[in-house]
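To keep things clear, I will list the structure first and then write my remarks on it.
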Amino acid sequence: MALNKYKSKMRNDITDMKKIWRDPMLLTTIIFVIMILLIFILFPLFSVLKQSFISDEGFTLKSYINIVKSISFRHTLSNTLKLGLSVGVLSTLIGFIFAYADSYIRSHFKKMFNIVSILPIISPPFVLALSAIMLFGQHGLITYKILKIQNANIYGFKGLLIVQTMTFFPVAYLMLTGLLKQIDPALEEAARNMGASHWKTFKTVTLPLMAPGIANAFLLTFIETVADFANPMVIGGDFSTLATEIYLQAIGNYDMQGGATIATILLVLTILIFVFEKYWLEKKSYVTVTGKASRAREYISDKKIVLPIDIFCLLVTVFVLGFYILIPLSSVFKIWGIDYSLTLDHFKYVFNLGLKPLTDTTFLSVIATPITGVLAMIIAFLIVRKKFFGKAFVEFSSLLAMAVPGTVLGIGYVLSYNTKPLLLTGTGTIIVIAFVMRSLPVGVRSGVTALQQIDPAIEEAASDMGANTSKVFSSVTLPLIKPAFFSGLVYSFVRSMTAVSTVIFLISAKYNLLTVQILAQVDAGRFGVASAYSTLLIVIVYIAISIMYFLLSKMGVSKDEIM
């Protein structure tokens, strides 16, 4: 029986491959995609792994032995896990409350809550850390000016816990909102009709259905936290994490093997969680049998439930918005914490210093955006619609960058492309490639989701009419999934404009990026200048997104379709 199944599978695989051989464009595309993923995702990771084992004396485990014996490393690993677990729990809890308020509660503040989910996406990753220092630091507005606390210290674990929770709870919120809205309200209403209270219904119906989704959100925020580089660099103080230690070892101590060893350990940690999340949790059912609600949900209006949730969400929203509002405000004060007289000196300094980081970042992001969008849709098309040898490799590799910390990929690029034949270090090309690879997984996921909702018979009809694969993709598939395509474009541009962890290894005298410049200003204590740069970056991103939305509306794609 098993032998017959194997033979049948082999015959089907051979038939599929014959179809591909008869379509040169499809074959070329598959080979091209596989080569791109091999060269720009797997090869850099292999280079990091290789560097951690190879020294001037040849193959050695010395670096790993030294790292494991190091009390400092064990302390850093403990810090990383402690931070990841703490932020993961808090972010998932707050995200779930926001998602529940959005999906179940009759609230008048939903639009305000939604704003919070967008802000971390369109701003540099360390803006909240900068605001935390200006509010609660040694010369902070609240600690020094209002509470008169001398030598207040926001640096370290407590500062990171606050900042990273505010940064990553929107990730859990967006994920859990989508899942909550897919639950069929008939199940919960049946429990209510049987006499169950709202709490009993929530505990016995809603929560069990959402359990895998909550676990998924926790793991995703855990990965994001342990992989984050920018916030620990700004506000971490003596609280070291693996992501920052990689940079300090490789760039600060010029110990590339030590940096590669720590990078490998962090990479193994994040990939194990990614594999568990993707291949086990994602297989679990989050919703009802059909996956569609039988009818619209009746929002909860009981004040005993609505009022506490509304108050909690409003307090968090105001807290987060206060942090973001502080950035443009601090850019027009002379010396934050000491002299609050109004000035435009920080903006003058930015313009006198030169707008090259700003123009470089925008230019390279504009180049990377369409490349990412098209490549993501091609990969999604191959994954969902085609059967070929290596399909599982393409799917896994294209999503792998989601789990790879930016510092790991950055050090991989330095090791891989610093010599011929791919001598790319110091060029704009390597930065564009880094932008593309970092944004690719979200575009692929978006494209796969969109394609799975479209009947393949439509494309098969075009094929039966004589259209080849490229014609079917460009004339039929792409127009059908244009919301997912343009969503990928918007995300790619924003992610490229605000990237820091990967590209901090790749900048050069010829190409300097705005986020790296902001980080340098923060490190030098020039918070006003850093705020001015951050304000300009947020304004540029907002204008660019507004232009994209305007153009898309002219093409018949609504803003809601790509959100």
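The values are calculated or read from the model by the stated rules, or taken from the named source; none is laboratory data. Here the structure is a predicted model, which is why all the values come from computation and not from measurement. All Cβ positions, even for glycine, are placed from backbone atoms using ideal geometry, and neighbour counts span all protein chains on display.
Listed conditions (1) more than 30 Å from Ala530 (Cβ to Cβ); (2) touching a residue at least 12 places away in the same chain (Cβ under 8 Å); (3) in a helix (DSSP H, G or I) are all met by Ile183, apart from (3).
The conditions of being farther than 19 Å from Ile41 by Cβ, in a helix (DSSP H, G or I), aromatic (Phe, Trp, Tyr) and out of contact with any strand residue (DSSP E or B) (no Cβ under 6 Å at 6 or more places or on another chain) are met by Phe363. Only one entry in Ile162, Ile133 is under 22 Å from the mean Cα position of the chain (by Cα), under 30 Å from Val332 (Cα atoms), part of a helix (DSSP H, G or I) and of a type in the set (Val, Ile, Thr), namely Ile162. Is it true that some residue in region 151-159 is surrounded by 23 or more Cβ atoms within 10 Å (Cβ to Cβ) and touching a helix residue (DSSP H, G or I) at 6+ places or on another chain (Cβ under 7 Å)? There is at least one residue in region 151-159 that is surrounded by 23 or more Cβ atoms within 10 Å (Cβ to Cβ) and touching a helix residue (DSSP H, G or I) at 6+ places or on another chain (Cβ under 7 Å). The single condition among (1) among the small types (Gly, Ala, Ser); (2) touching a Ser or Thr at 6+ places or on another chain (Cβ under 9 Å); (3) closer than 21 Å to Ser534 by Cα that Ala172 does not meet is (3).
Considering only region 530-540, state which residues are surrounded by fewer than 23 Cβ atoms within 10 Å (Cβ to Cβ) and touching a residue at least 24 places away in the same chain (Cβ under 8 Å). Walk me through it before giving the result.
Step one: filter region 530-540 for residues surrounded by fewer than 23 Cβ atoms within 10 Å (Cβ to Cβ), giving 535-536, 538-540.
If the condition is that a residue be surrounded by fewer than 23 Cβ atoms within 10 Å (Cβ to Cβ) and touching a residue at least 24 places away in the same chain (Cβ under 8 Å), then Thr535, Leu536, Ile538, Ile540 are the ones that fit.
Residues considered: Ser63, Ser55, Ser91. Of these, the only one that is surrounded by 21 or more Cβ atoms within 10 Å (Cβ to Cβ), over 29 Å from the mean Cα position of the chain (by Cα) and of a type in the set (Ser, Thr, Tyr) is Ser63. Of the helices (runs of 4 or more DSSP H) entirely within region 460-563, those holding at least 2 residues that are touching a Leu at 6+ places or on another chain (Cβ under 8 Å) and under 19 Å from Ala450 (Cα atoms) occupy 469-472, 482-498.
Yes or no: Val116 in contact with a helix residue (DSSP H, G or I) (Cβ under 6 Å, 6 or more places away or on another chain), at pLDDT 90 or above, part of a helix (DSSP H, G or I) and of a type in the set (Val, Ile, Thr)? Against the criterion (in contact with a helix residue (DSSP H, G or I) (Cβ under 6 Å, 6 or more places away or on another chain), at pLDDT 90 or above, part of a helix (DSSP H, G or I) and of a type in the set (Val, Ile, Thr)), Val116 does not qualify.
Could you list all residues from region 415-431 that are crowded, with 22+ Cβ neighbours inside 10 Å and not small (Gly, Ala, Ser)? Before you say what the answer is, go through the steps one by one.
Of the residues in region 415-431, the ones crowded, with 22+ Cβ neighbours inside 10 Å are 415-417, 430-431.
Matches in region 415-431: Leu415, Tyr417, Ile430, Ile431.
Considering (1) closer than 30 Å to Pro441 by Cα; (2) of a type in the set (Asp, Glu); (3) over 22 Å from the mean Cα position of the chain (by Cα), the lone condition that Glu395 does not fulfil carries the number (3). When restricted to residues that are among the β-branched types (Val, Ile, Thr) and without any contact (Cβ under 8 Å) to a residue 24 or more places away in the chain, region 68-117 contains 2.
The residue pairs whose first member lies in region 221-242 and is closer than 12 Å to Gln164 by Cβ and touching a residue at least 12 places away in the same chain (Cβ under 8 Å), whose second member is among the small types (Gly, Ala, Ser) and assigned to a loop (DSSP other than H, G, I, E, B), and whose beta carbons are closer than 6 Å, counting only pairs six or more residues apart or on different chains, are Phe229/Ser501; Phe239/Gly156.
Tell me, please, whether a residue that is among the aromatic types (Phe, Trp, Tyr) and either in contact with an Asp or Glu (Cβ under 7 Å, 6 or more places away or on another chain) or closer than 20 Å to Thr29 by Cβ (or both) can be found in region 463-478. Scanning region 463-478, I find at least one residue that is among the aromatic types (Phe, Trp, Tyr) and either in contact with an Asp or Glu (Cβ under 7 Å, 6 or more places away or on another chain) or closer than 20 Å to Thr29 by Cβ (or both), so the answer is yes.
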